[in-house]
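One structure below.
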Amino acid sequence: MDKKSPIEITITERPPSVTITQWVYATLRSAVMDGHILPGRALTIRELASLLNVSPMPIREALRQLAAENALDIRENRRIMVPHMTPAKFTELYEARIAIESHAAARALPYIDTERLQALKQLDQRIDKAQANGDLIQINQLNQAFHRLIYTANPHQITLPLIESLWLQLGPFMRLANSKLDDHYQVDRHVEAMNAIANHDAFALQVAIAADIREGIAFAATPERMQHFIDEANDPC
C-alpha cells in the first residue's frame, strides 16, 4: 500500500484532568481501533506530533504503549506501522474474542439491572440507525459500546483490558469487514442478547454474544475468502 496514505485522526478537546500524554495515547488508540490507520502505513513521530500539535515526547510514549498492546510494530530500523494481518492471526483473535467475551457476558449477567438493560436497548437503536445510514465507523464504535456496557456491569470483572486489546488489534480490519457484509445482521443478535438478559439466561446470552462475533466475520466464511480479505486489507490501495 501507499506508505504515505492519509491518516484520519479525530481530534477531541483535552479535559483539564487528562495529561497530554494520556490524551495523545487515547487519540492514537482510537484511530487504530476505528481503522483510521491502515495496515502497512508507515508512521513517524514528527508527522504525528504535527497532526496533534504536540511535542514528540508524548507521541513517543503513546507509540510505545500501543506497541506493547500489539497494535503497532516497531521495527529494528525504528519504522513504526500497523502490523499486517495473517489468516492464522485473524482466526486466533476472533476465537479469543468469542471465548473471553462469552465468559465476560455470563459473569456480568447477575449485575445487569433494568436501567442498564434500557441503555442497551437505546444503543441498539442507534446501531440500527447507523446501519441504515451506512456509517461504518459509527457502527463499530456503537457495537463496542454495546458489548462494553454488558461486561462492565460486573464490578469484579478483569477481562475488559484483554477484550479491548483484541478489539485494538482487529480495528484496522473491521472497517473493511463491515463493508463486506451487505446482508449482515439478518438476525439481530443484540436483541437475542437483551432477551437473554431479561430472562436471566446466561447460556442464551453466551450463545448470542458468540453469534454476534461470528457474524462479524461472515465475509470470510471459507479459507479462500478469508485469504482474499486479508490480501485486500494488507494492500487496500
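The values are calculated or read from the model by the stated rules, or taken from the named source; none is laboratory data. Note that the structure is a prediction, hence the values are computed from the model and not measured. Cβ sites come from the backbone with ideal geometry, for glycine too, and all protein chains shown count toward neighbours. Side chains are part of the model used for accessible areas, which takes the heavy atoms of the whole protein and leaves out ligands, DNA and RNA. Shrake-Rupley method; radii C 1.70, N 1.55, O 1.52, S 1.80 Å.
Residues in the stretch 68-82 that are surrounded by 17 or more Cβ atoms within 10 Å (Cβ to Cβ) and closer than 16 Å to R46 by Cα: I80, M81.
Just one of I150, I100 is modelled with pLDDT of 95 or more and in contact with a Ser or Thr (Cβ under 7 Å, 6 or more places away or on another chain); which is it?
Details: I150 fails: in contact with a Ser or Thr (Cβ under 7 Å, 6 or more places away or on another chain).
When all the criteria are applied, what remains is I100.
One line per residue, one yes/no per condition, for (1) over 15 Å from the mean Cα position of the chain (by Cα); (2) modelled with pLDDT of 95 or more; (3) closer than 16 Å to P110 by Cα; (4) assigned to a helix (DSSP H, G or I):
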{"site": "K129", "(1), (2), (3), (4)": "yes, no, no, yes"}
{"site": "L162", "(1), (2), (3), (4)": "no, no, no, yes"}
{"site": "A208", "(1), (2), (3), (4)": "yes, yes, no, yes"}
{"site": "I230", "(1), (2), (3), (4)": "yes, no, no, yes"}
{"site": "P236", "(1), (2), (3), (4)": "yes, no, no, no"}
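Can you tell me how many residues in the stretch 144-155 are under 16 Å from Q169 (Cβ atoms) and either open to solvent by 10 Å² or more (accessible area, probe 1.4 Å) or without any contact (Cβ under 8 Å) to a residue 24 or more places away in the chain (or both)? Of the residues in that region, 1 qualify.
Entry remark, the stretch 191-207: residues being open to solvent by less than 50 Å² (accessible area, probe 1.4 Å) and within 14 Å of L117 (Cβ to Cβ) number 5 in total. The set of residues in the stretch 28-53 that are open to solvent by 30 Å² or more (accessible area, probe 1.4 Å), without any contact (Cβ under 8 Å) to a residue 60 or more places away in the chain and not hydroxyl-bearing (S, T, Y) comprises I45, R46, E47, L51, N53.
In summary, helices (runs of 4 or more DSSP H) completely within the stretch 25-122 and bearing 2 or more residues that are within 18 Å of L166 (Cβ to Cβ) and more than 20 Å from the chain's Cα centre (by Cα) occur at 87-108.
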